[in-house]
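Remarks on the structure that follows.
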Amino acid sequence: MSASTDRRWLRDVIGIALIIAAGLAGYWLFPDNLALLTRVIAAALLVLSIDLITGYCGVATLGQASLFGAGAYAAGIACVNGITEPVTLILIGAVAGSVAGLLMGTIMLRAHGLAQLVLSIAIVQLFHEAANKASAYTGGSDGLAGLMVSPLFGMFAFDLWGRTAYLFGLALLVLVFIILKFVVSSPFGMLCRGIKQDPIRIRAMGSFVFPVLLKMFVISGAVAGMGGALAAISTQVVGLDSVSFELSANALVMLVLGGLGSLYGALVGTVIFMGFEHFVSAINPFHWMTMVGALLIAVVLAAPGGLSGLLDRFSASGHRAKRGKA
Amino acid sequence: MSDLFRVEGLTKNFGGLAVSRNISLSMPAGERLALIGPNGAGKTTFVNLVTGQIHPSAGRVVLNGEDVTKLGAVRRVRKGLVRTFQVTRLFSQMTPEEHVTLTVLQREGKANRILSRFTGHSEVVGEVESILSTLGLLDVARRRVGEIAYGQQRLLEIGIALALRPKVLLLDEPAAGVPSSDTPRIEQALERLPPSLAVLMIEHDMDLVFRFAKRVVVLAAGEIIFEGLPSEVAANEKVREAYLGNYAHARRIA
Amino acid sequence: MQTVLSIAIDAFAYGMALFIICIGLSLTMGLMRVVNLAHGAFAMIAGYIASYAARDLGLGYAVAIFLAIIGTVIISIPIERLLYRRIYGSPELTQVLMTIGITFCVIGITNYFFGPTLKTIPLPGSLSQPIDVGFKTIAAHRLFVMACGLVVAGGLWFLIEKTDFGIKLRATVDNAAMADALGVRTQVVYAISFAIAIGLAALGGVVGAEFLPIEPYYALRYMVTFLVVVSVGGAGSIPGAVVACLLLGAVDTTGRYLMPEFGNFFFYAAVIAIVCVFPRGFFGRAQ
Amino acid sequence: MRISKRILGVALGALLAGSVSASAETIKIGIIGPFSGPFALQGKNFQAGVEAYMALNGKSVKGNDIEVIYRDLPAANPAQSRALAQELVVKEKVQYLGGVYFTPDAMAITPLLAQANTPLVIFNAATSAIMNTSPLVVRTSFTTAQTTTPLGKVAVDEGVKKVITIVSDYGPGVDAENAFKKAFEAAGGQVVESIRMPMNTNDFSPIMQRVRDSGAAGLFAFLPSGPPTLGFAKAYNETGLKKAGIKFYAPGDLTQESDLPALGDAADGLKTSFHYAVSHDSPENKKFVEAATKAIGSAEQLSFPSVGAYDGMHVIYKMIEATGGKQDAQKAVDAVKGLSWTSPRGPVSIEPATRHITQNIYLREVAKGADGKSINKEIQTFPNQKDPGLATQ
C-alpha cells in the first residue's frame, strides 16, 4: 500500500510545486499583466469548483456562476458596508457560496442528466434576475461599485499594478488546491467518485447518495464563492456578468477543455482558454471567436479527454480505460 | 420468531402484471438456501424487493424481528441485509483494495470524512487484507478492476458484501458469466462464508446449487412452487413442469 | 375575455414558432443522442440564406424558404460527415464542447461575411398586413406561423407513425444494434434524421425570424431557450415538444402580460417546477 | 502555454524596440470597446470615430506622435475591463484612456485613474453616476436622462396627456423611465403605468396588449439598441397600436442608424430624441460622415458611438496640447473643463463642474431620405442640454 501512496503523494507535491512555480513565473514574466492573471486565478477557482461536482460526482452544471456570483456579491456588499479586510471578505464569499451551493444542490439533485443541466440553467437565470432586481443592494446592471478594500494584513494595498491582488490570489489558489487535493483523496472523495460511476452500487454499499453529493455542492460553493470574492476584491466592482449563464458555460468549457476529474485539468483548461482568448483577441479582436471555436473543435478531435488527458497519454505508460459518464 | 430473516406474502404488480405473487419464506441464522427458477420466474425482482431497490405492492420483509418493508435500500444494508449483483457493478478505475477499503470505512461511518486521506486509515488495513486474502485477491489488490479477470471481479463482489458484515447475504448468481475454469474459486469462497451468516443464493448452475445449498426454493411465474431438500427437487413434478414444460409436453404427445 | 383570447392567441403563435425551431433539436437529442448546441446556428444560417434570397436577390418568400432549407441542409452535410460523426456516442460534455466550438465558428464566420447587423427577411404583402380577427388585430404572419407549426407537427407525426421510414426510425431509436441486425441501415436512418432535423431548424429560423431576428449571435442568444424547451418536453417526443412549447409560450406570454417585470422569474420558476415533477420531461423516454 | 509565451516574448521584444526608436515623443491612447461579440458594431463605430478624427486632424499634436491601442471587451465585464485598463497603463504605458461602452466597465476603471495618473474619456457609457467616481473622468457621449428629458415636453405639446412607459429592466432603462416620468409630469402629463420588461423579451405582443388595455394615448419606450428593437417596432405596428393613433416616443437608441435598414417601414414615423443623427445637416458633420464612412467601410453601419469617439478624441487632443505631452492627468482634465467646440452633432461644451458634455438634443422622426433610405430626420432642437441626472445631485 505504501509504495503507491508514496508515489501519489510525490506526484501531488510535485504538481503543487509546479503550480506555485508557474504562478511565480507568471509574476516575473508578465509583471504588467497581473490583473489579467488575477482574473485567471478567480476563474480557475470557479472551474475547480465545477470539477468537484462534474468531474468527481458526475453532475454536469451550466449554472455554477450562481455560486461564484453569490460569493462576489456577498463580498462586495460586505465591503461597501464597511467590512474591508480582504481575508474576511474571502471567508464571507466562501460562506455565501456554500449557502448558494446548498440551495442549488437541493434543487439540482432532484433530477438527472439533461433535466439536471436545465435546472442548473434555470437557477443561474433566476440568480441573475434576482441580482438585477435587487439593484438597491447589487447596483443592478450598473454594477456594484466603490469597493474600498483595506490593505492585506494592514500592509499591502491593492494597487494599480495588482501585485498584492495577484499574490494574494495565488496564495489562495494554492491553499484551496491543496485542501481540495485532500478532499478528493479522502474517503469522501472516493465515495463521490463511486457515485459518479454507479450510484446503485454505492447504495448497496450502505451509503446514501444525496447527502454526499449535497456536501460536495457545499464545498464546491465555498470554492466558487471564494473565486467570486477574489474577483470582487481585485476588481473593486461586481457586475451582473458574475452571475451569468455565459460565465457558467465558459467555465464548463474550460473544464472540459482541460479534462475532468483531476483538478489539474481545471487549471490547465482555464489558463489555456483564457490565455488563448486574451492573445487572440489582442492580435485580432474581430475574429477571436472563430479561432476559439476552432480550438474547441480541434481539442475534441485530437484529445477527447481534454488537454490534461492528452498529457496523461504522453506521460503515463498505462492507457486509461475510458468510461466517462457525463 | 426465531427466524433471522423472513418475507411474508411479498407481492409486486407492474401495471396489471404480477411479477411476484405472495412469496413467503424464512431463514434462520446459518441457513444456506438456494433460490432457483427458469428465466423470467421473477428471481431478480424478488432480490430487488427484498433489498429495497423496489417496493412491494403487498407483503412484509422482516429482519431480526424488525419490519424493514418501509426502509430504503441503504437502511436495509446498514441493518445487515446485503446483496451482490448478477452483473458486476464495480468501479472500473478503482482497485479491489480500494473497493473493500471504501466499504469497510463506510460500515464504520468513516466514509464521509473529508480531511483524512483515504489511504491513511491504518486501522482498517488488516481487515481489508484478510477479506482480500480469503478470496484470493491479494495479488491483484492494486490492479484496476477494469484490468482483472471476470472471475476475480465476481469474487470482489462477494468481498464487498462481506466487508459490510452482513447478517443476511443475497448472492445474485455469483457464478454467472464466469468461465468454468474459475468456478471452483467461487465455490471455495462460498464455502468459506461465515457459518452464522444466512445466505440466499440465486443460481442457474445446478451443480453449484446442489453442493452449496441445504435447502432449495423454486420460483416460477412469480410464485413459490417448491420448497425442500436439494435431493427432492429433481423428482418434483411441478418443478419438472416449470422447467421442462413444453419439452415434456411435446414428448408426451409424441 | 377579449384579453384572455388575445393573450392566448399570442401565446399560441409564439409557442408554435418555438416549436418549429426546437422540434429538430428534440429529434437530434432524443433520437441521435447528440446534445447539439449548434442547432440554432443552422437556423441562423437558414435565416441568412433566406434574407439574401428575398432581400438581395428579390426572390419570393416561398422560394426563399425553400432555398434556405435546401441550402442549410447542403451546408450541414459536410459538417455532419466531418464533425458530428466523431461525437455520436461520445460523453455529453464532449458533445457540448464540440457543438459550442461549431457555434462559435459559425458566428465568427457569419460576422465576417455578413457583418454584425440585423438581417430581415421581407415578407410578402399578404403576410405583412395586420388582420382583424374580431377580438384583436393580429399580424397575418402570426397566423402563417401557427399554420406552419400545425403542419410540421402533423407531418412529423405522420412520418414517424405511419410510414415505412418511421418504423425504421423508431426501431433504430429503441435499439440500434437490433435494428441493424434486422437489416435497417441505421447509418442512413441517422443521416436522414439529421437532415430532417436541420431542415426543420432552417424552416423555423426563417418563419420564426419575426420573433427571433436573424443576427450573428442568434445561435448563442437563444441556445438556452431551445435547450430548455426541448428538455421540458422530453427529448425525442413530438407531443412533448408541442406541449412544452405551448405551455412555456403561455407562461412566458401571460407572465409578460400580467407582471412583465417578473417575466423571467415566471418562466424559469415554471421550468424548475416542471423539471422537478417530470424529471424526464413531459413525454420523455426512460433512458 | 509555451507557444503563448513565445508570442508574448516576440511582442515584448517588438514593444521594447518600438519604444526605443520612437523615443518619448509618441503618446499612446488606449481605447477599450466591444470590438467583437454582439456589440461589435458599436466598437467599430468607436474605431471609425477615432480614425475619422485622426484623418481630419492629423496624427500628431505639437510634434508628439499619437498612437492608438485598441483593446476588446465584448460584453459588460468589469473584471476584464479592469485587467485591460491596467495592462494598457502598466504595460503599454498609455497616457490616456478612452472608449468604454458599458457602465460597469467604466466603474471598474475609475478607481485606477488617480494612481495611474491617467484621464479617462468616456465615449459612450451613459449612467450619470460614473462622473462622481473619479475627478479624472470626462464624458463626450450623453446620458440617458439627458436624451430622454426633452421628450416629456414634446409629448405634452402634442396633446398626449396619458402615457405608459415601457423600458428594458436594467440600469439605463430605469434611468430613462425616471427621467421621462419626471419631465412629463412636470409638463403636466400623467404616466398611467410603468412597465419594466426583462432584457431577453422576444415577443412583445403581450406588452402591446398591456399598452392597449392601459388606455394611454402614447407610449414611451426604452430598449438598448440591437435585435429586440426590431421586434418591438414591429409589434407596435402589427398589433394595430399605430393605426389606433397611439403615439410612440423613445430616446434614439431605439432607432440608431445601423438598425434602420432592418427596421425598414416598421420604423416610419417613430419619434425619438437623441444627441446625434447621422443625417445632421452641417458642414462639420458632412466632413465627419465622409471620413467615418471611409473608416468603417459602409455608410449603413455608422451610428452614434462614432461621434462620441470623434469628440472624445478632440478632448484628448486638447489635453495633449495643454500638457505638452507630459503625463499629468489633473492638468489635462482641468484644461478641457469649459472647453467648447462645434462637433458634428452641433455646438457642445464640457461642463466644468460635472465634466460631462453639454449639447443640443434633437427630436427626430424616422423618414425616407433623398436616396430612399430611412434616416432620423431632425425636426426640433433643444439647445444646450445638461445632464439632469448629474444636475440634481
For this session: Specify which of the listed residues (D:234, D:247) is crowded, with 24+ Cβ neighbours inside 10 Å and among the basic types (Lys, Arg).
Result: D:234
For this session: Just one of (1) more than 12 Å from chain A (Cβ to nearest Cβ); (2) surrounded by fewer than 24 Cβ atoms within 10 Å (Cβ to Cβ); (3) not hydrophobic (A, V, I, L, M, F, W, C) trips up residue D:124, so point out which.
Result: (2)
Exercise. Which fully enclosed helices (runs of 4 or more DSSP H) of segment C:61-163 have 3 or more residues being among the aliphatic types (A, V, I, L, M), within 14 Å of chain A (Cβ to nearest Cβ) and surrounded by 15 or more Cβ atoms within 10 Å (Cβ to Cβ)?
Worked result: C:92-114
Exercise. In segment C:152-195, which residues are touching a Ser or Thr at 6+ places or on another chain (Cβ under 8 Å), in contact (Cβ under 8 Å) with a residue 60 or more places away in the chain and of a type outside the set (Val, Ile, Thr)?
Worked result: C:169, C:190, C:193, C:194, C:195
Exercise. From the residues in segment D:219-231 that are crowded, with 24+ Cβ neighbours inside 10 Å and touching a residue at least 40 places away in the same chain (Cβ under 8 Å), which one is nearest to residue C:6 (Cα to Cα)?
Worked result: D:219
Exercise. Does residue D:142 satisfy the condition of being aromatic (Phe, Trp, Tyr), closer than 22 Å to residue A:69 by Cβ and either in contact (Cβ under 8 Å) with a residue 60 or more places away in the chain or in the same structural domain as residue D:50 (by TED's automatic domain parsing) (or both)?
Worked result: no
For this session: From the list C:250, C:241, pick out the single residue that is surrounded by 18 or more Cβ atoms within 10 Å (Cβ to Cβ) and in contact with a Cys (Cβ under 9 Å, 6 or more places away or on another chain).
Result: C:241
Exercise. Which condition number does residue B:142 fail, the rest of (1) farther than 30 Å from residue B:10 by Cβ; (2) assigned to a helix (DSSP H, G or I) being met?
Worked result: (2)
Exercise. Is it the case that residue B:126 is assigned to a helix (DSSP H, G or I) and surrounded by fewer than 17 Cβ atoms within 10 Å (Cβ to Cβ)?
Worked result: yes
For this session: Return yes when residue C:92 is touching a Phe, Trp or Tyr at 6+ places or on another chain (Cβ under 6 Å) and over 22 Å from residue D:231 (Cβ atoms) and no when it is not.
Result: no
Exercise. Which of the residues spanning segment B:66-80 are more than 9 Å from chain A (Cβ to nearest Cβ) and over 15 Å from residue B:106 (Cα atoms)?
Worked result: B:66, B:67, B:68, B:69, B:70, B:71
Exercise. Taking the condition surrounded by 19 or more Cβ atoms within 10 Å (Cβ to Cβ), within 9 Å of another protein chain (Cβ to nearest Cβ), closer than 12 Å to residue C:26 by Cβ and in contact with a helix residue (DSSP H, G or I) (Cβ under 7 Å, 6 or more places away or on another chain), does residue C:263 pass?
Worked result: no
Exercise. When you scan segment A:1-119 for helices (runs of 4 or more DSSP H) that lie fully inside it, which ones turn up with 1 or more residues that are out of contact with any helix residue (DSSP H, G or I) (no Cβ under 7 Å at 6 or more places or on another chain) and either more than 14 Å from chain D (Cβ to nearest Cβ) or of a type in the set (A, V, I, L, M, F, W, C) (or both)?
Worked result: A:2-29, A:65-80, A:86-108
Problem set entry | Residue, nearest to residue D:264 (Cα to Cα), within segment D:192-243, restricted to residues that are polar (S, T, N, Q) and more than 8 Å from chain C (Cβ to nearest Cβ) | D:229
Problem set entry | helices (runs of 4 or more DSSP H) wholly inside segment A:134-242 that include at least 1 residues being touching a residue at least 12 places away in the same chain (Cβ under 8 Å) | A:135-138, A:163-184, A:187-197, A:210-235
For this session: With respect to residue D:141, determine if the residue is part of a loop (DSSP other than H, G, I, E, B) and either within 9 Å of chain A (Cβ to nearest Cβ) or among the small types (Gly, Ala, Ser) (or both).
Result: yes
Problem set entry | Of the criteria (1) assigned to a helix (DSSP H, G or I); (2) within 12 Å of another protein chain (Cβ to nearest Cβ), which one residue D:179 fails | (2)
Problem set entry | Residue count, segment B:192-211 (criterion: within 17 Å of residue B:178 (Cα to Cα) and hydrophobic (A, V, I, L, M, F, W, C)) | 5
Seminar exercise, completed: Within segment C:175-201, residues of a type outside the set (Gly, Ala, Ser) and over 27 Å from residue C:18 (Cα atoms) come out as C:175, C:178, C:180, C:182, C:184, C:185, C:186, C:187, C:188
Problem set entry | segment A:277-302, residues that are at the interface with another protein chain (Cβ under 7 Å from one of its Cβ atoms), surrounded by 19 or more Cβ atoms within 10 Å (Cβ to Cβ) and either over 23 Å from the mean Cα position of the chain (by Cα) or not aliphatic (A, V, I, L, M) (or both) | A:281, A:285, A:288, A:290, A:293
Exercise. Do any residues in segment B:134-152 that are within 12 Å of chain A (Cβ to nearest Cβ) have Cβ atoms under 7 Å from those of residues that are of a type in the set (Phe, Trp, Tyr), where the two are at least six apart or on different chains, and which pairs are they?
Worked result: B:145/B:91
Seminar exercise, completed: Restricting attention to segment D:90-107, the residues that are more than 7 Å from chain A (Cβ to nearest Cβ) and either assigned to a helix (DSSP H, G or I) or among the small types (Gly, Ala, Ser) (or both) number exactly 4
Exercise. Is it true that residue B:43 is touching a residue at least 12 places away in the same chain (Cβ under 8 Å), under 14 Å from the mean Cα position of the chain (by Cα) and surrounded by 20 or more Cβ atoms within 10 Å (Cβ to Cβ)?
Worked result: yes
For this session: Could you please find all residues in segment D:59-80 being among the small types (Gly, Ala, Ser) and more than 8 Å from chain A (Cβ to nearest Cβ)?
Result: D:60, D:63
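Residues are listed down the side, and each one gets a yes or a no for (1) within 28 Å of residue C:103 (Cα to Cα); (2) modelled with pLDDT of 85 or more; (3) away from chain D (no Cβ under 14 Å); (4) touching a helix residue (DSSP H, G or I) at 6+ places or on another chain (Cβ under 7 Å):
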position	(1), (2), (3), (4)
C:165	no, yes, yes, yes
C:171	no, no, yes, yes
C:174	no, no, yes, no
C:181	no, no, yes, no
C:184	no, no, yes, yes
C:209	yes, yes, no, yes
C:218	yes, yes, no, yes
For this session: Could you tell me which numbered condition residue C:247 fails, if it satisfies all but one of (1) within 9 Å of chain D (Cβ to nearest Cβ); (2) under 22 Å from residue C:146 (Cα atoms)?
Result: (1)
Exercise. Among the helices (runs of 4 or more DSSP H) confined wholly to segment C:213-271, which include 1 or more residues that are over 24 Å from residue C:41 (Cα atoms)?
Worked result: C:238-258
For this session: Look at residue D:115 and say whether it is farther than 20 Å from residue D:256 by Cα, surrounded by fewer than 21 Cβ atoms within 10 Å (Cβ to Cβ), touching a strand residue (DSSP E or B) at 6+ places or on another chain (Cβ under 6 Å) and of a type outside the set (Val, Ile, Thr).
Result: no
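The values are calculated or read from the model by the stated rules, or taken from the named source; none is laboratory data. Just so it is clear, the model here is predicted, and its values are computed rather than measured. So basically every Cβ, Gly included, is an ideal-geometry build from the backbone, and we count neighbours across all protein chains shown.
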